[in-house]
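In what follows, a structure is listed as structure tokens, so that the remarks can point back to it.
The values are calculated or read from the model by the stated rules, or taken from the named source; none is laboratory data. What you see is a predicted model; the values in this text were computed from it and never measured. Please note: Cβ atoms are built from the backbone with ideal geometry, for glycine as well, and neighbour counts cover all protein chains shown. In case anyone asks, the SASA skips ligands and DNA or RNA and just uses the protein heavy atoms, side chains included. Shrake-Rupley method; radii C 1.70, N 1.55, O 1.52, S 1.80 Å.
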Amino acid sequence: MTVVIQMLINGILLGSVYALLGVGMSMIFGIVRLTNLAHGEFIIIGAYGSTLLSLALGVDPILTLVITVPVMFIAGVLIQTVLINRVMLQGSEPALLVTFGLSIILKDALLLLFTADARHANVPYSTATIRLPAGLHIAVLDLVVFAISLATILILTLFLRYTYMGRAIRATSDDTAAASLMGVSVRRTYGIAMGIAMATAAVAGLGVGMRWTFYPSSGGDYLLIAFGVVVIGGMGSIPGTLVAGLIFGLAQVIGGANYGMLISYLLLILMLAVRPQGLFSK
Amino acid sequence: MSEPILKVEGLQAKYGDFLAVESATLDVPAGKIVSVIGANGARKSTLMETIAGIHKPSAGKVTFKGEDITGMPAEKLVLRGLSLVPQGSRCFVRMSVEDNLIMGSYPKHARARVKESLDFVYQLFPVLKEKRHQPTSSLSGGQRQMVAIGRALMAWPDLILFDEISLGLAPAIIKDIYARIREINAGGTTVVLVEQDTNRAIRTAEYTHVMLKGRVVLSGRSKELGEEEIKKAYFGL
Amino acid sequence: MKIPVLLDRKKTKAASSGGQVRVLDGVPMLAACVAIAAALYIFGLTGVLSSNIQRYLLKIFLYCTLSSMWNLMSGYTGMTSLGQQTYIGLAGYSLTVMTATYAMSYWVGFLVGAVISTIVSLILAIILFRMRGMYFAVATWVVAEALRTFFTSWKFVKKGAGMTVAARPYPSTSTIYIIALTLCIIALAVVYFLLKSRVGLGLTAMRDDPDAASSVGVDIFKSKLLVYVVSAIFTALAGGIFYLNKGSIYPAGGFGISWTVSMVFIVIIGGIGTMGGPVLGSILYVIFEEQLAKLPGGWTNIVLGLIAILVILFLPDGILGTLQKKLRFEILSQKRFSGE
């Protein structure tokens, strides 16, 4: 029994990070109708940003978000408005292939810049645990990352629900032409959406860097987890994203180091075959 | 006759190589109700979408409040006071009634007045106030049209184009919506009614334009146009 | 009448270049193709070419086979796959296991690779054909990743460490050159005749206009299945020959996404949806790859990626596609109604 509860706890903690990995991709999928194959590399860029800045400045990695989030937001806006909006004129496939091109460029650029060495964002509490009754325990690090993930998703939800820009983003994802009749510039909204997606990737990168070691080539793994979260959660659905993250987290915890990924992939293929539109989309 | 608020001269619109609107010329006098009628396939909707900036025209000129707005995108025209209520209402189905309405006040000039605007729309359509937290996907066709109208009003436009507002609605609801449109017009907003249902539109509008196969073939004061004349133009006899 | 998405304005414009298109087809073109093929055979058999040149050429043949198949799927039938490495990995491992574990001939290895790929592609088709567009694309990738993960922890194939091909006697480069050339010629012929057939007609119609396709009277599911399975078989054969030439395989290489990177790059720079695009693209790709390998470490994919993005931005029809449109000609046109 204790083992099962411990697994559930670990699964939930892990699931929150997975949800964070997927939330930006889900937004772009739902709003811009684009599969951003570079999302994994965006996350790894965030991880490098936080790790290296915290080393250079000698501060807690969490504080580096003050720099990485705005920088990556601006980068996202630029990538969308300068590059992707232009190719979207030609249809969705060229846009998909452009993000694919971006992904391989970024991966090798990271390799050139930072070598193939494993990296990790160090925090003083990296080995601390909280002991609970009945032999259960929670790693402080996991709990911190859990809190960061949930806070990010909560802020995003509030933003989408209660601000003009958030409503404009939702309206654009429903009906682009009708949104433009309300005075919304679709291209600008796409730019902001990509900026936000990249800002969430910055936070997700911090989480990745704090919990695991990462390499320039790690982007692909996280992209597939993010995609899995999008598929199971349904595009653009935040509650769906949370549940999907949890499902993946549990699959990973149950499968362990050897079979966790395999189980996740099989789950994903099964999901795609049975409900290609996601569990939570209408 | 006063200076028209909207002047359309020789407007042409294409879908790829396909010539949808050949040449449309019409005036809309300020403060009036004007109807544009025509059979199915007369390209009324395409003309409205081109005026409202959803399509780019391939030739011709559109002047709104004395300014040349030819080819200007929809999101800029809303700021200048021109709104379109598109065919089939096109509500944001995954958003609540109130969020749909608030989207209408997205233009900067309308944001400060959002509370006042909401009160105005709820007074015009009390049923929307009851259902304000429901998603628009749960509304009836008539209620969705009300949301679409209210959403356009939230931007305080000077000119509203209504594209086939009565399509698929029960007569009693059409009557009610037309009464509201007259109220809106009485408040000073110029109204263009695009309809297939000619009788009600002509009765409501002071001026009428008849479209046939992508051209405006007949224009005049509704009262001065003979029934026979309109029928001929409408069916291209 | 629906209001089209705002961003789609340009598409309709590009489709309507109109005018007379000269189709390079028929006897002269056939004669030219036969002459080139014959020359390549003679060069290979007589040993005029140095083994280095033979290696370049055989790489071109294999990439040409792979990318023609990818082009058949994506460019003509709208099935953009990011997971064709599934079949390369399966074939590479079939070859290695057959030769190393069971000491059989490499021909048996190819055969087993092709049979396994046929079976796997038939099963996957049932799942994948339920999905569209991006879902299809990423699902194919997920399948390849799942296989990579599985092979990495599968003891029978020595896990992540990989295996060595052990064909006895090991064929010479000239032999592999001839095999690769033969495969490439057959692959191009298959693509050509498939697209000329009713099946191809129906699929091209479906890609351009799903509504019109049903009126052509072709069973879309069967046609897509045929294209998918044929692509899987040829991709597997090319993969098998590639690993026979390379001599060893490991999961991250065989099932790696870089295979798709190459195919996408080749088809995009050559010209998606053109018959000659993959041929031209493969030649350019192998030249680029060889030249870029001389650069100080790690720039290959960065430069290739940049070139691909620039081509998508400024030459959306690829090099050959752009030339064809500008000069109004087409090599071996598959469109029977190109005049319309």
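Summary table below
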| read-out | value |
| --- | --- |
| Computed [θ] at 222 nm, deg cm²/dmol, chain A (DSSP H ≥ 4; -39,500 (n - 2.57); rounded to nearest 500) | -25000 deg cm²/dmol |
| Cα Rg, Dmax (largest Cα-Cα span) when computed across the stretch C:71-155, Å | 14.2, 42 |
| Two-decimal ratio, chain A, of alpha-carbon radius of gyration to 2.2 N^0.38 Å | 0.99 |
| Crossing angle, helix A:65-78 versus chain A [Cα axis fit, 0-90 degrees, rounded to tens] | 30 |
| Amide H within-cut-off set for B:Arg113, under 5 Å, with H built and near neighbours excluded | none |
| Chain C: calculated mean residue ellipticity at 222 nm from DSSP helix runs of at least 4, using -39500 (n - 2.57) | -22000 deg cm²/dmol |
| Shielding of B:95-105 by partner chains, average beta-carbon count, 10 Å | 4 |
| Of A:Ile62, A:Ser218, A:Ser149, farthest towards positive along the dipole that unit charges on Lys, Arg, Asp, Glu beta carbons give chain A | A:Ser149 |
| Angle between chain C longest axis and helix C:85-96 axis [Cα atoms, degrees, rounded to 10] | 30 |
| Cβ-derived FRET efficiency at R0 56 Å, C:Ala32 paired with B:Ser219, nearest 0.05 | 0.30 |
| Residues in the stretch B:162-202 that a label on B:Lys231 would reach, taking backbone N under 19 Å of a point 7 Å out along Cα→Cβ | B:196-202 |
| Residue among A:Leu57, A:Leu13, A:Leu96 with the largest mean-square fluctuation in a Gaussian network model of chain A, springs linking Cα atoms under 10 Å | A:Leu57 |
| Cα gyration tensor of the stretch B:88-156 - equivalent ellipsoid semi-axes, whole Å, descending | 18, 12, 10 |
| Residue mean of other protein chain beta carbons inside 10 Å, C:82-89 | 1 |
| Peptide-level mean, for C:142-153, of C-beta atoms on other protein chains within 10 Å | 5 |
| Directionally averaged shadow of the protein assembly as shown, computed from the convex hull of its alpha-carbon atoms, nm² | 41.5 |
| Candidates C:Ile178, C:Ile266, C:Ile312, ranked by Gaussian network fluctuation over chain C, Cα under 10 Å, top entry | C:Ile312 |
| Where labels lie 7 Å past Cα in the beta-carbon direction, separation of A:Arg131 and C:Ile127 in nm | 4.5 |
| Among A:Tyr215, A:Tyr18, A:Tyr48, residue whose mean-square fluctuation peaks in a GNM of chain A (springs only between Cα atoms under 10 Å) | A:Tyr215 |
| Projected label distance in nm at C:Leu295 and C:Phe43, using a 7 Å step from Cα toward the beta-carbon | 2.7 |
| Per principal axis, descending, Cα span of chain C in whole Å | 63, 46, 43 |
| A:Tyr164 paired with A:Met7, simple spin-label distance in nm, labels 7 Å along Cα-to-beta-carbon | 5.2 |
| DSSP-defined antiparallel bridges as percent of all bridges, the protein assembly as shown, nearest 5 | 55 |
| Cα centre as origin, Lys/Arg/Asp/Glu Cβ charges: the stretch C:43-256 dipole, Debye | 480 |
| Once exposed loop trypsin sites (Lys or Arg not before Pro) are cut out (DSSP; at most 14 other Cβ, 10 Å), longest piece of chain C | C:133-293 |
| Point-charge dipole on Cβ atoms (K/R +1, D/E -1) for the stretch C:72-190, about Cα centre, debye to 20 | 260 |
| Value at 222 nm in deg cm²/dmol, rounded to 500, when DSSP H runs of n ≥ 4 in chain B each add -39,500 (n - 2.57) | -10500 deg cm²/dmol |
| Cα-based helix-to-principal-axis angle, C:300-314 vs chain C, degrees rounded to 10 | 10 |
| Inter-centroid distance (Cα atoms) of the stretch B:22-43 relative to the stretch C:139-157, Å | 63 |
| Surface accessible to a 1.4 Å probe, B:His109 within the full protein complex, Å² | 90 |
| DSSP beta bridges in chain B [antiparallel fraction, %, rounded to 5] | 50 |
